[in-house]
Amino acid sequence: MKVISIVGARPQLVKLAPIAAAFAGTEHQHVIVHTGQHYDADLSDVFFTGLGIPDPDVHLGVGSGSHGVQTGAVLSALDPVLEAEQPDWVLVYGDTNSTVAGALSAVKMHLPVAHLEAGLRSFNRRMPEEHNRVLTDHAADLLLAPTEEAMRHLANEGLAERSVLVGDVMVDVCMRVRDSVLAGGQPAPALPEGIDPSAPYLVATLHRPDNTDDPDRLATLVDALADLPVPVALLAHPRLTARAEAHGIKLNRGALRAGRPLPYAQLVAAVLGSVGVVTDSGGLQKEAFLLGRACTTIRPETEWVETLRDGWNILVPEPGELGRQAWAATATRPAPEVPQGTPYGEGTAARTVVQVLAEH
Ligand code: UD1
């Protein structure tokens with residue numbers, strides 16, 4: 001069996017790591033195509049080196065652009081690659097512009113497409129990712145779902161027959177890296193300057209267009225983070241840095257200390273060393289849950305509803321409206337004592353994915 005993985009953005013590289021490892025011990029051929037949607041070393045290269053992912057076989061180098069330009073560039077650059085490779089499966093990951101472009105290019109060539117992390121829904125049609133998910137699920141031939149909830153969404157959309165529950169590959173990689181961090185096998189995380197790793201601190205990220213692109217909203221959110229009673233290590237995505245700079249919003253003030261995004265193992269170490277997480281990232285909500293830290297999510301909804309159980313994750317779309325004390329109490333609350341359970345599987349999803357692809 002020959003499988004082409006199409007990836008391009010940071011969260012896809014994290015999911016690619018366990019998939020590439022699961023293919024490594026088999027007779028199957030696994031080809032990696034990097035679209036180049038993320039091109040900064042901090043968002044791309046460090047994931048290949050840090051997670052031991054083989055170098056991409058093909059790099060499309062599309063870079064940034066409006067949604068249409070970026071999606072279209074991936075689409076037209078992929079056609080000749082898929083034409084030449086003629087894989088048994090095209091495997092697309094998650095919900096980015098690279099995902100929907102990969103799926104579209106493949107189905108138009110009558111190549112079978114599998115969607116990893118199928119069935120996630122925010123039901124928020126303002127999110128570009130929501131359109132990418134829905135369109136990809138309806139185009140794909142095989143839907144690899146991470147959770148029971150995702151399976152229900154797919155069934156509700158008439159896609160049950162094409163859906164298989166495989167578990168979440170992020171558990172595979174997160175647990176492996178956690179064990180290596182706890183065993184002392186990883187360097188200390190490069191936290192932003194001014195964060196003392198031996199004192200309590202929060203880990204924060206903010207990158208969703210809905211939070212970063214409107215200057216007033218961004219200023220309000222940065223104020224709320226800066227106002228917290230515990231130092232906040234802000235691991236700034238390039239979109240955040242660029243928007244803050246463009247709007248004259250200072251990221252280093254009050255409790256806030258801004259630094260660069262971290263390689264995966266350092267991120268895991270940073271979360272393990274923290275007293276909690278504040279974020280608008282999908283992946284980080286789940287990593288906080290898996291690593292046993294309370295998470296506060298600056299969004300009106302989440303796709304990862306399992307994290308909300310027992311208060312492991314709390315949604316605060318408008319921190320400014322909560323009142324200063326309630327916001328501080330929420331963001332700095334301790335992790336719940338109730339165990340998280342294993343709604344995302346046991347960490348063997350990648351092997352299941354390879355099996356399911358081979359069987360189909
Ligand atoms: C993308 C995904 C999002 C995912 C996120 C993870 C889409 C629609 N969005 O969002 O689902 O959660 O990746 O990081 O596909 N930039 C750089 N260097 C880079 C990449 C981006 O400077 O390596 C800057 C560019 O100015 C660009 C902006 O960040 O315009 C946004 O990048 P883009 O890839 O469009 O989306 P993300 O916000 O990263």
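Mind ranking 169-176, 66-73 by how tightly packed they are, going by the mean number of other C-beta atoms within 10 angstrom, highest first?
169-176, 66-73
Which lysines have a Cα less than 21 Å from the Cα of residue 286, not counting those fewer than 8 places away in the same chain?
Result set, ordered by chain and number: 15.
Lysines near residue 108 by alpha-carbon distance under 23 Å, same-chain residues fewer than 8 away left out - which ones?
Straight-line reach from residue 108, under 23 Å: 2.
Take every DSSP beta bridge whose two residues both sit in the chain, then give the antiparallel share in percent to the nearest 5. All intermediate terms of the calculation are to be shown ahead of the outcome.
Details: 0 of 38 bridges.
Beta bridges within the chain, antiparallel portion: roughly 0 percent.
Using θ = phi - 60° and the Karplus relation 6.51 cos²θ - 1.76 cosθ + 1.60, list the HN-Hα couplings for region 260-269 in order, rounded to whole Hz, with x at every Gly or Pro.
Values per residue, Gly and Pro as x: 7, x, 9, x, 4, 5, 6, 5, 4, 5 Hz.
How large is the dipole of region 179-331 about the Cα centre if only Lys and Arg carry +1 and Asp and Glu carry -1, each at its Cβ, rounded to the nearest 20 debye?
On the way: 13 positive and 18 negative charges, 66 e Å.
For region 179-331, the charge dipole is close to 320 debye.
Name the shape class, rounded, prolate or oblate, that the alpha-carbon gyration tensor gives for region 18-147, where a ≥ b ≥ c are the square roots of its eigenvalues, rounded holds for a/c under 1.5, and otherwise prolate holds if a/b is larger than b/c and oblate otherwise.
Values: a/c = 1.27, a/b = 1.16, b/c = 1.10.
Verdict is rounded for region 18-147.
Ignoring any ligand, DNA or RNA, what whole percent of the accessible area of region 179-331 comes from carbon and sulfur when the probe is 1.4 angstrom? Please report the intermediate quantities before stating the final value.
On the way: 3170 of 6000 Å².
It is 53 percent, rounded to a whole number.
Tell me the mean residue ellipticity at 222 nm calculated for the chain from its helices only (DSSP H runs of n ≥ 4, each -39500 (n - 2.57), averaged over every residue, nearest 500). Don't skip to the end; give the middle numbers.
On the way: 14 runs with 150 residues, N = 360.
Helices in the chain give a 222 nm mean residue ellipticity of -12500 deg cm²/dmol.
Just flag the chymotrypsin sites (Phe, Trp or Tyr not before Pro) in region 61-167 sitting in loop per DSSP whose Cβ has no more than 14 other Cβ atoms within 10 Å. Walk me through the numbers before you get to the answer.
Values: sites: 89, 93, 123; in loops: 123.
Taking region 61-167 and a limit of 14 other Cβ atoms within 10 Å, the loop chymotrypsin sites (Phe, Trp or Tyr not before Pro) found are 123.
For region 143-164 and region 1-59, write down the distance between their C-alpha centroids in whole Å.
About 25 Å separates the Cα centre of region 143-164 from the one of region 1-59.
Please list, ordered by chain and number, the residues whose modelled amide H lies under 5 Å from the amide H of residue 204; skip anything fewer than 5 residues away on the same chain.
233, 234, 235, 278
Can you list residues whose amide H is under 5 Å from residue 29's amide H, if they're 5+ apart or on another chain and H is modeled 1.01 Å from N?
Long-range HN contacts for residue 29: 2, 3.
Explain nothing, just compute: Karplus ³J(HN,Hα) = 6.51 cos²θ - 1.76 cosθ + 1.60, θ = phi - 60°, for every residue of region 135-146 in order, whole Hz, x for Gly and Pro.
Using θ = phi - 60°, the values come out as 4, 5, 4, 6, 7, 6, 8, 9, 10, 9, 9, x Hz.
With the other protein chains left in place, how much accessible area per residue, in square angstrom, belongs to region 179-331 at a 1.4 angstrom probe?
Details: 6000 Å² over 153 residues.
Roughly 39 Å² per residue, with all protein chains present.
Note the angle between two axes, namely the Cα long axis of helix 97-108 and the longest principal axis of the Cα atoms of the chain, as a number of degrees from 0 to 90, rounded to the nearest 10.
Relative to the chain, helix 97-108 is tipped by roughly 10 degrees.
In whole Å, what is the distance between the alpha-carbon centres of region 297-327 and region 73-93?
Here the two parts' Cα centres lie 39 Å apart.
Please report the net charge: other residues with Cβ closer than 14 Å to the Cβ of residue 33, K and R +1, D and E -1.
Working: positive: 2; negative: 55, 57, 79, 83, 85.
With Lys, Arg at +1 and Asp, Glu at -1, the net is -4.
Would you pull out the residues with amide H under 5 Å of residue 60's amide H, same chain only if 5 or more places away, H placed 1.01 Å from N?
Residues meeting the amide H criterion: 34, 35, 36.
Order these peptides, 200-212, 278-290, 129-141, 183-195, by their mean beta-carbon neighbour count within 10 angstrom, highest first. Could the numbers behind the result be given before it?
Working: 200-212: 21.5, 278-290: 24.0, 129-141: 19.9, 183-195: 14.5.
Top of the packing list down: 278-290, 200-212, 129-141, 183-195.
The values are calculated or read from the model by the stated rules, or taken from the named source; none is laboratory data. Predicted model only: the values in this text are computed from it and were never measured. With ideal geometry, Cβ positions are generated from the backbone for all residues, glycine too; neighbour counts draw on all protein chains shown. Surface areas here come from the heavy atoms of the whole protein model, side chains and all, with no ligands, DNA or RNA. Shrake-Rupley method; radii C 1.70, N 1.55, O 1.52, S 1.80 Å.
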